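**Q** My questions will all concern the structure given below.
The values are calculated or read from the model by the stated rules, or taken from the named source; none is laboratory data. These numbers come from a predicted model, not from an experiment. For neighbour counting, all protein chains shown are included, and Cβ atoms are generated from backbone atoms with ideal geometry for every residue, glycine included. Accessible surface is based on the protein model in full, side chains and every heavy atom, while ligands, DNA and RNA are left aside. Shrake-Rupley method; radii C 1.70, N 1.55, O 1.52, S 1.80 Å.
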Amino acid sequence: MPMAKINLLTKWLSTDSAFANIYYQLSPQKQKLYHDILMGKRVPNLLNDTIFKNIFHPDKYPDRLSSLISSIIGQEVTVLHSLSGETTANSIYSKRGILDLVVRFKNQSFGHVEIQRKGLFMPPERSVFYSADLIKRQYSIPENELKSNYDYTSIMPVYSIIFMEESHPAFAGSSEYIHHFRQKSDSGVELELLQYYDYVCLDIFRKKHPEAAGELERWLTFFSIRTPSEMTQFLLENPALQPVYESAIMMMSERKELMYMFIEELANEDVAAVINDTNRGRIRKLEARIEDLEALLAEKDETIAKKDKEMVEKDNQIRELTKRKG
């Protein structure tokens, strides 16, 4: 099977110019990574956007996604169907965002799952923006219906689940790998404010490496495995997840899906490059500012030294005059 996939890759590279063009834009390290995955030497990253959206597609595999989300938010939910991932806009000038995976639950509440390789790409403000958009969608009014027919009590809760392979710096000081954010009053008064956030830190989970005791730990262990031997052993112990993994493996034999994965890799590299350029720009500005401050301090030091020298000369002149009078 692995050799058949490599043969397919070789065929697509030689016969499909668009596919080849995307593939050869990948770094040599990324090309080798995909080669090793197709050869069965490595496990595909199940949190790759393309793979994750396929193996947890709400309309194809609602039970899988229901199990995963329930284990994260700590309460049983049943996925009904998917929703558009595009956020709403008030005008042609409004900026839209694209949510990774948006669903509606059986209890009529909403959820969205975001996959982020770097937590810096998902600041708190972005989480709030997406959550608020799903709240706003529920109050969108068709043109032929009167606003008087609507009231705010019909708005349902929204659950935002964010997977981070490299956690946001805010989580660096914590040993916990899952964080549930719920709005609370400092007075003890309880109101259900409808917006819930659950951050899953995969890098912290891997460092902690807890036993796969509960449903949540089993899912996170499943996402964390990178070697075929570990995956084989894990699936022997957790056969219910075998079909999920097989779905991911089957994707690696599809040209279109592979191309999506390559494009995603290039997009991530572009975003990282922009962030690095931005950081380099900030560093250059800071360095220039430091140089200006150092120059200013040097100038002040020179002025002080000059004044000190003048004072010493005056003291010497005073001593000399005193000696003459004596």
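**Q** Calculate what fraction, in whole %, of the accessible area of region 1-63 sits on carbon and sulfur atoms when a 1.4 Å probe is rolled over the protein chains.
**A** Working: 1800 of 3260 Å².
Percent of accessible area from carbon and sulfur atoms in region 1-63: 55.
**Q** What figure in square angstrom, to the nearest 10, would you give for the accessible area of Thr78 with a 1.4 Å probe?
**A** The value for Thr78 is about 70 Å².
**Q** Which entries in Lys11/Lys60; Lys41/Lys207; Lys30/Lys208; Lys30/Lys60; Lys11/Lys256; Lys53/Lys256 show an alpha-carbon gap greater than 19 Å?
**A** Listed pairs above 19 Å: Lys11/Lys60; Lys41/Lys207; Lys30/Lys208; Lys30/Lys60.
**Q** A further question follows. So for region 171-254, what percent of the C-alpha to C-alpha distances run longer than 14 Å? Write down the numbers at each step before the final one.
**A** Values: 2498 of 3486 pairs.
Percent of Cα pairs beyond 14 Å in region 171-254: 72.
**Q** Please calculate how many Å² of accessible area region 144-238 carries per residue, with a 1.4 Å probe and no DNA, RNA or ligand atoms counted.
**A** Working: 5710 Å² over 95 residues.
Value for region 144-238: 60 Å² per residue.
**Q** Between beta-carbons, use under 10 Å as the cut-off and find the net charge around Phe121, counting Lys and Arg +1, Asp and Glu -1.
**A** +1
**Q** In addition: Where does each of Glu264, Glu114, Glu166 land when they are ordered by accessible area, with a 1.4 Å probe and the largest first? Intermediate values should be presented prior to the final figure.
**A** Numbers: Glu264 25, Glu114 0, Glu166 90 Å².
Order by accessible area, largest first: Glu166, Glu264, Glu114.
**Q** Grab the Cα-Cα distance for Val128 and Glu257, subtract it from 0.36 nm times how many residues apart they are, and report the gain in nm with one decimal.
**A** 43.4 nm
**Q** Looking at the square roots a ≥ b ≥ c of the eigenvalues of the Cα gyration tensor of region 1-80, which shape do they give, rounded for a/c under 1.5, prolate if a/b is larger than b/c, or oblate?
**A** Prolate is the answer for region 1-80, as a/c is 1.5 or above and a/b outweighs b/c.
**Q** I've got another one for you. Over region 1-75, with the other protein chains present, what is the accessible area per residue in square angstrom, probe 1.4 angstrom?
**A** Accessible surface, normalised per residue, equals 47 Å².
**Q** Compute, for Asp59, the solvent-accessible surface of its heavy atoms (probe 1.4 Å) with the complete set of protein chains present, and express it in square angstrom to the nearest 10.
**A** Accessible area of Asp59: about 90 Å².
**Q** Could you give the nm distance between label points at Asn238 and Ile318, where each point is 7 Å from its Cα heading toward the beta carbon?
**A** With each label placed 7 Å out from Cα toward Cβ, I get 8.3 nm.
**Q** How much net charge surrounds Met259 when only other residues with a Cβ under 12 Å from its Cβ are counted (Lys, Arg +1; Asp, Glu -1)?
**A** Values: positive: Arg255, Lys256; negative: Asp16, Glu254, Glu257, Glu264, Glu265.
Neighbourhood net charge equals -3.
**Q** Still on this structure, I have one more. Net charge near Ser160: determine it from the other residues with C-beta under 13 Å of the C-beta of Ser160, scoring Lys and Arg +1 and Asp and Glu -1.
**A** So the environment of Ser160 carries a net charge of -3.
**Q** Shifting gears a bit: For Gln195, which sequence-distant residues (separation of 5 or more, or a different chain) have an amide H within less than 5 Å of its own amide H, given hydrogens modelled in the peptide plane?
**A** Val158
**Q** Could I ask something else about it? Tell me which chymotrypsin sites (Phe, Trp or Tyr not before Pro) from region 1-68 have a DSSP coil assignment and no more than 11 other beta carbons within 10 Å of their own.
**A** Numbers: sites: Trp12, Phe19, Tyr23, Tyr24, Tyr34, Phe52, Phe56; in loops: Tyr24, Phe56.
Passing sites in region 1-68 are Tyr24.
**Q** Keeping all protein chains in the complex and leaving out DNA, RNA and ligands, what accessible area do you get for His180 with a 1.4 Å probe, in Å² to the nearest 10?
**A** 100
**Q** So how strong a dipole does region 110-250 carry about its Cα centre when Lys and Arg Cβ are +1 and Asp and Glu Cβ are -1, to the nearest 20 debye?
**A** The dipole of region 110-250 has a size of about 300 debye.
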